[in-house]
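Some notes on the structure that comes next.
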Protein chains: 2
Amino acid sequence: LRYKSQFLYPTLQSCCCRTIHSDAKPKDPFTLAQKDLTSLYDDIKKELFVSKEELKSLCDYYFDGKGKAIRPMIVVLMARALNIHSNRAGDLIPGQRSIAMISEMIHTASLVHDDVIDGSDKRRGKKTINDVWGERKAILAGDFILSAASMALARIGNNTVVKVLSQVIEDLVRGEFMQLGSKENENERFKHYLEKTFKKTASLIANSCKAVSILVNSDPEVHEIAYQYGRNVGIAFQLVDDVLDFTSGANHLGKPSAADLKLGLATGPVLFACQQFPELHAMIMRRFSSDGDVDRAWQYVLQSDGVQQTNYLAQRYCEEAIRQVSMLRPSPERDALIKLTELVLTRDK
Amino acid sequence: LRYKSQFLYPTLQSCCCRTIHSDAKPKDPFTLAQKDLTSLYDDIKKELFVSKEELKSLCDYYFDGKGKAIRPMIVVLMARALNIHSNRAGDLIPGQRSIAMISEMIHTASLVHDDVIDGSDKRRGKKTINDVWGERKAILAGDFILSAASMALARIGNNTVVKVLSQVIEDLVRGEFMQLGSKENENERFKHYLEKTFKKTASLIANSCKAVSILVNSDPEVHEIAYQYGRNVGIAFQLVDDVLDFTSGANHLGKPSAADLKLGLATGPVLFACQQFPELHAMIMRRFSSDGDVDRAWQYVLQSDGVQQTNYLAQRYCEEAIRQVSMLRPSPERDALIKLTELVLTRDK
């Protein structure tokens with residue numbers, strides 16, 4: 001297949017690393033991170049402390065502790081694994097804990113603005129902020145969460161960390177912009193999709209992992225391992241998300257299926273399907289805007305092996321993530337990060 | 001008058017500082033800052049360098065060099081005055097120049113979002129970004145300019161500066177939120193208005209002045225002088241802006257007069273007028289939303305001495321700004337900062 005050229009797997013190397021490690025059964029990542037995650041949302045709310053009652057309820061709305069907390073969980077586990085790798089106690093240092101919080105805050109701020117931009121009325125089974133409070137206040141709430149995250153970032157007091165996480169905010173905006181205007185030709189399209197996926201999803205995870213490394217280790221190779229684990233898991237996570245948009249019912253995911261098609265977005269499954277059904281090309285170009293496009297595209301995708309191929313690609317990224325993190329000294333947290341890639345691949349919501 | 005209680009002038013002290021200094025005729029602030037400002041907008045555009053042509057045109061739209069550039073001008077003059085005060089060469093160090101750019105970028109990002117929030121279609125005689133490109137792209141453009149500003153801020157490499165300017169971003173959002181929901185009782189209203197004015201306008205100027213001081217001086221008293229000059233000039237600047245909304249025609253200011261009333265906002269002139277014409281109270285409470293409210297409120301303001309009182313208040317803030325900056329060692333730039341307060345008070349657009 002055409003898309004399986006080297007640009008798809010820029011850092012992938014052949015490996016069979018699933019068998020390298022983990023003689024003992026790895027602990028469940030959620031269980032292992034729980035200690036640090038328990039009070040995380042309370043701390044975020046303290047961070048967002050504001051006197052105006054309404055602004056407070058807006059900002060707290062998504063920090064209800066009901067999210068998957070996948071980002072802070074990865075950051076917490078990576079921080080512990082890195083601390084052990086660096087001959088320190090496993091426990092998080094305060095700056096690392098802040099980074100876990102900041103990663104979730106930046107993510108949430110970008111969701112709030114994305115929902116305004118997409119005009120979405122549902123997210124995680126709840127009404128969106130723009131649906132409940134209106135667009136104006138949703139824009140402000142996003143700005144506010146982001147500014148609170150910047151304040152918390154500044155307080156960590158490490159310039160390299162500030163740079164690394166500022167890059168994330170820029171990537172998120174550039175990624176969203178790429179998503180709005182994806183009018184590239186067919187050959188460029190997959191590359192564009194993966195770049196957008198990196199910027200919108202993986203950059204935050206990759207750079208947060210790098211940031212917790214910077215705080216306890218001076219070896220750039222270790223930072224790179226942390227970064228590459230986050231980058232590869234992040235891309236895999238989004239690829240699976242894009243698959244679930246086709247395979248998961250509305251009740252399950254908390255948002256209507258084929259939401260991406262409805263927004264005019266061609267993700268992995270459609271791009272792979274287009275290789276088998278060139279009829280999709282014109283629909284992709286007009287962003288599924290003609291009557292019946294969404295349904296027809298959906299049918300083509302289900303008839304194609306687009307879903308399977310996207311899952312396969314996600315699996316390859318997870319393998320690379322495992323290869324990277326396996327270079328760290330063994331620890332329960334390292335093994336939980338390996339285990340986590342399985343959960344990323346097999347989740348159904 | 002009731003409003004002239006101590007909370008209005010928390011830092012004002014009796015002074016006659018206009019005569020303390022300046023034996024020679026001070027240079028025009030614009031002329032003096034010109035050298036540093038000339039290439040500033042080009043540098044901002046480089047900062048916003050992006051490959052996507054459209055994102056670029058959006059971000060460049062307001063950095064056309066046609067604005068008053070009042071913020072970077074104050075920052076540049078303050079930096080030079082502080083350098084001389086601190087026994088350094090007057091020329092800006094790179095970090096100070098970055099702060100001048102960042103101040104204008106943060107300001108512009110907040111304008112872009114404010115225009116979306118207010119649904120404004122005109123700004124500085126141009127169509128707004130949301131009017132030309134739509135709301136979605138305007139939200140993103142604001143986010144992007146802000147993220148570029150954060151990146152530039154991180155590159156300065158001084159943690160205290162990062163904290164000081166992150167505070168500005170938070171203040172801007174809180175100020176805008178205060179403006180959306182000003183339902184305070186009559187006694188609280190003026191205090192609320194001044195606090196909003198500080199957060200939305202003066203915080204950026206005050207903290208930028210403080211930031212350029214931090215880079216060259218270790219004396220907190222000097223930082224405080226810089227901060228207080230910026231704070232007082234900033235509040236005066238906004239008070240005059242609020243007056244001009246009543247006294248300046250649409251052709252002049254590039255935006256329709258009484259824009260604030262139309263947005264439901266009660267600024268200085270209305271709040272003072274309400275003391276003479278209690279009929280305004282109900283209109284303020286319903287945010288001038290009933291038919292004819294805007295016209296009637298406008299008439300009351302013109303019949304009252306609200307404009308005069310607001311101007312008088314702005315003058316008091318300028319006097320305090322002069323008192324503060326006069327504590328710096330004499331320099332052409334210091335005197336230009338003094339001269340600038342006159343321009344703030346007498347500008348008619």
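The values are calculated or read from the model by the stated rules, or taken from the named source; none is laboratory data. For clarity, every value in this text was computed on a predicted model and none was experimentally measured. Neighbour counts run over all protein chains shown; Cβ positions are idealised from the backbone, glycine included.
Tabulated values for the structure
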read-out: Residues that are in contact with a Leu (Cβ under 6 Å, 6 or more places away or on another chain) and within 13 Å of another protein chain (Cβ to nearest Cβ), drawn from the range B:177-199; value: B:F177
read-out: Filtered residues of the range A:181-209 (kept if assigned to a helix (DSSP H, G or I) and without any contact (Cβ under 8 Å) to a residue 12 or more places away in the chain); value: A:N187, A:E188
read-out: For B:R174: the one exception among (1) over 18 Å from B:L313 (Cβ atoms); (2) away from chain A (no Cβ under 14 Å); value: (2)
read-out: Residue pairs meeting the criteria (Cβ under 7 Å; at least 6 apart or on separate chains; first farther than 12 Å from A:F246 by Cβ, in the range A:304-326; second among the hydroxyl-bearing types (S, T, Y)); value: A:R316/A:Y9; A:C318/A:T341; A:E320/A:T11; A:A321/A:Y229; A:A321/A:T341; A:I322/A:T341; A:Q324/A:Y229; A:V325/A:Y229
read-out: Hits in the range B:74-131 (condition: basic (K, R), in a helix (DSSP H, G or I) and over 16 Å from B:A152 (Cα atoms)); value: B:R80
read-out: Flag for B:G142 being crowded, with 18+ Cβ neighbours inside 10 Å, farther than 17 Å from B:V75 by Cβ, within 13 Å of another protein chain (Cβ to nearest Cβ) and not acidic (D, E); value: yes
read-out: Residue within the range A:154-166 that is facing chain B (nearest Cβ under 7 Å), polar (S, T, N, Q) and either crowded, with 23+ Cβ neighbours inside 10 Å or touching a Cys at 6+ places or on another chain (Cβ under 8 Å) (or both) present; value: yes
read-out: Residue in the range B:139-148 that is within 30 Å of B:K56 (Cα to Cα) and either of a type in the set (F, W, Y) or in contact with a Lys or Arg (Cβ under 6 Å, 6 or more places away or on another chain) (or both) present; value: yes
read-out: Test: residue in the range A:98-110 that is more than 16 Å from the chain's Cα centre (by Cα) and not aromatic (F, W, Y); value: yes
read-out: Single residue of the range B:100-122 satisfying the filter (surrounded by fewer than 19 Cβ atoms within 10 Å (Cβ to Cβ) and more than 13 Å from every other protein chain (Cβ to nearest Cβ)) that is nearest to A:G142 (Cα to Cα); value: B:D121
read-out: Tally, over the range B:123-139, of residues that are surrounded by fewer than 24 Cβ atoms within 10 Å (Cβ to Cβ), aliphatic (A, V, I, L, M) and facing another protein chain (nearest Cβ under 9 Å); value: 0
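Let's see how each residue does on (1) closer than 27 Å to A:D348 by Cα; (2) at pLDDT 70 or above:
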| residue | (1), (2) |
| --- | --- |
| A:D23 | no, no |
| A:D28 | yes, yes |
| A:T31 | yes, yes |
| A:D36 | yes, no |
| A:I44 | no, yes |
| A:L48 | no, no |
| A:E53 | no, no |
| A:D60 | yes, yes |
| A:A69 | yes, yes |
